[in-house]
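In what follows, a single structure is set out as structure tokens and then discussed.
The values are calculated or read from the model by the stated rules, or taken from the named source; none is laboratory data. These numbers were taken from a predicted model, which means no experiment stands behind them. So basically every Cβ, Gly included, is an ideal-geometry build from the backbone, and we count neighbours across all protein chains shown. Areas reflect the complete protein model, heavy atoms only, side chains present, ligands, DNA and RNA absent. Shrake-Rupley method; radii C 1.70, N 1.55, O 1.52, S 1.80 Å.
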Amino acid sequence: MSLSCGVECVFLLGCSRWAWRRCTYVGSNDSETWSLATPDEFEPVPRVCRLILAVYEPDLRNPQFPPDGGYRLNPDWVLKRVTYEDTLGRSPPYLIYADHDRKEIVMAIRGLNLAKESDYKLLLDNRLGMQMFDGGYVHHGLLKSAVWLLNVESETLKRVWEETGREYQMIFVGHSLGSGVAALMTVLVVNHRDRLGGIPRSKLRCYALAPARCMSLNLAVKYADVIHSIVLQDDFLPRTATPLEDIFKSIFCLPCLLFLICLRDTFIPEGRKLKDPRRLYAPGRMYHIVERKFCRCGRFPPEVRTAIPVDGRFEHIVLSCNATSDHGIIWIEKEAEKALEASVLCLGLTFKLPSCIMDYRQWLTCWFLQIMRENKSETITVPPKIQRLERLQTIEDEHKDALERAVSLNIPHAVSTVEELTEDKEMEAEAAKANNGDSPKAEPGLSSRGTNWDELVEKLFKRSESGKLMLKKESNPTQIQ
């Protein structure tokens, strides 16, 4: 009897400890060791959020639901708007915008539409380990959508970039479902930049807002220099390792599903997760917007933390009433705008206030935020040029460190720093030739009307005797459909 009572007490204590740790785990814990992002690197995020919101508007000249301050874009610079009727269910709606003030060509893709069956088909077109690509695994349906978009729009993007003097940055942005499509488009373009006029890798960028888990860990780290993922506090999607198709099959019982996933993942060792090459992750460098703290009421001035995590990459579901609301693009835009204003103001206070007053910086930030919105000026405090250069060097070093850590942890198919740098130099040399007027030679098999991106993807594979595709790089390849 005493033995059974002792076992029951130990079991009860263990369950109580687990429940306490899970219930007290908050979203800010995921990034508590990360460094703060600078205003300069986070500045495009609120702007690209507004561009995604603009995709929802039927008429940008007479907007029905504009965000605070409006969309702040020139409708005459919208080059193309595509709806569900135009995509025939192969991709979410999107727009292409040429920002001549900032010298950017932006392709913005909207998120999941719960009322559209075609969006569900994209999500359901996948199975664990179904699609191999570039030495890793990706979401099959999202890759198909990315390939279709490039088949349709790559010539337009190439033409606009060449007409603007080959100086503009090319930015792919997306939210939720669209973030996965944008991220995989970026991976395709990075590997075949000659098909877009030889655009340099440094001029390519992707912002994945509330990102879907769409690529394996080795790819997520490899492309962290061009893909940036933005996560708002407790957002469930970047933390949910369960395949997207299973999540949205159970969308009407999502809180129950998240709780069960939380229970299951608690008993999966971290090493086992890292060693599974089929496990998908949120792509690229992570930017975490933190606005709430444990056991504190209300929202605080948000801060943005950034890193390229290898292990501990949003692996824990947060049991929070905000887990679904933090996924909304409207909230991401609002909090990103506040975070940018707060970081700029804090930077100004850092340079102007004595150290004895710096303890009250957060309180002063709250007080000045509204004043900044009402009285915005053209001149704001920004880091000196030397600090910007130092930050760029730090970002590059962080990427190298992340690549080396992935190799040290034996992440399947991880790329070493040396291999990555060699590959980049070769690509940059090819891009330099293109910019000097020496257009790269077209590969055989490509039609004169443009690039067939399906063929470029297939070149990474070879056909087995049964007709299935196998990755060429693997010595013991896994077959895919």
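For residue 175, indicate whether it is open to solvent by 10 Å² or more (accessible area, probe 1.4 Å) and of a type outside the set (Gly, Ala, Ser). Yes; evaluated as a whole, the condition is true for this residue. Against the numbered list (1) out of contact with any Pro (no Cβ under 9 Å at 6 or more places or on another chain); (2) under 30 Å from residue 165 (Cβ atoms), residue 65 comes up short only at (2). As a summary of the residue check, residue 84 satisfies the conditions (1) open to solvent by 10 Å² or more (accessible area, probe 1.4 Å); (2) in contact (Cβ under 8 Å) with a residue 60 or more places away in the chain; (3) not polar (S, T, N, Q) except for the one numbered (2). Of all the residues in the stretch 189-225, those that are surrounded by 24 or more Cβ atoms within 10 Å (Cβ to Cβ), part of a helix (DSSP H, G or I) and within 17 Å of the chain's Cα centre (by Cα) number 5. Residues considered: 114, 124. Of these, the only one that is under 23 Å from residue 333 (Cα atoms), modelled with pLDDT under 95 and out of contact with any strand residue (DSSP E or B) (no Cβ under 6 Å at 6 or more places or on another chain) is 114.
Out of the stretch 40-59, which residues are more than 28 Å from residue 120 (Cβ to Cβ), open to solvent by 20 Å² or more (accessible area, probe 1.4 Å) and out of contact with any Ser or Thr (no Cβ under 9 Å at 6 or more places or on another chain)? Within the stretch 40-59, 40, 43, 47 qualify. Listed here are the helices (runs of 4 or more DSSP H) enclosed by the stretch 19-96 that have at least 3 residues being hydrophobic (A, V, I, L, M, F, W, C): 44-55.
Go through the stretch 60-76 and give me each residue that's without any contact (Cβ under 8 Å) to a residue 40 or more places away in the chain and either open to solvent by less than 90 Å² (accessible area, probe 1.4 Å) or out of contact with any Asp or Glu (no Cβ under 8 Å at 6 or more places or on another chain) (or both). Across the stretch 60-76, the qualifying residues are 60, 61, 62, 63, 66, 70, 71, 72, 73, 74, 75, 76. Restricting 167, 162 to those that are assigned to a loop (DSSP other than H, G, I, E, B) and either out of contact with any helix residue (DSSP H, G or I) (no Cβ under 8 Å at 6 or more places or on another chain) or within 22 Å of residue 73 (Cβ to Cβ) (or both) reduces the list to 167.
Do any residues in the stretch 112-123 that are more than 15 Å from residue 83 (Cα to Cα) have Cβ atoms under 7 Å from those of residues that are of a type in the set (Gly, Ala, Ser) and not in a loop (DSSP other than H, G, I, E, B), where the two are at least six apart or on different chains, and which pairs are they? Close Cβ pairs satisfying both conditions: 122/141; 122/145; 123/141.
Just one of the numbered conditions (1) open to solvent by less than 10 Å² (accessible area, probe 1.4 Å); (2) touching a strand residue (DSSP E or B) at 6+ places or on another chain (Cβ under 8 Å); (3) closer than 21 Å to residue 231 by Cβ is not true of residue 149: (3). Candidates 143, 184: the one that is of a type in the set (A, V, I, L, M, F, W, C) and modelled with pLDDT under 95 is 143. A count restricted to the stretch 100-140 and to residues that are in a strand (DSSP E or B) and open to solvent by less than 10 Å² (accessible area, probe 1.4 Å) stands at 9.
All told, residue 321 meets the bar of being over 28 Å from residue 397 (Cβ atoms), modelled with pLDDT under 90, open to solvent by 50 Å² or more (accessible area, probe 1.4 Å) and assigned to a loop (DSSP other than H, G, I, E, B).
Matching residues to (1) aromatic (Phe, Trp, Tyr); (2) more than 29 Å from residue 334 (Cα to Cα); (3) without any contact (Cβ under 8 Å) to a residue 24 or more places away in the chain:
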position	(1), (2), (3)
136	no, yes, no
168	yes, no, no
172	yes, no, no
176	no, no, no
182	no, no, no
193	no, yes, no
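Can you confirm whether residue 79 is modelled with pLDDT under 95 and open to solvent by 20 Å² or more (accessible area, probe 1.4 Å)?
no
When the stretch 397-427 is filtered for residues that are within 15 Å of residue 226 (Cα to Cα) and modelled with pLDDT of 90 or more, the ones remaining, listed by number, are 397, 398, 399, 400, 402, 403.
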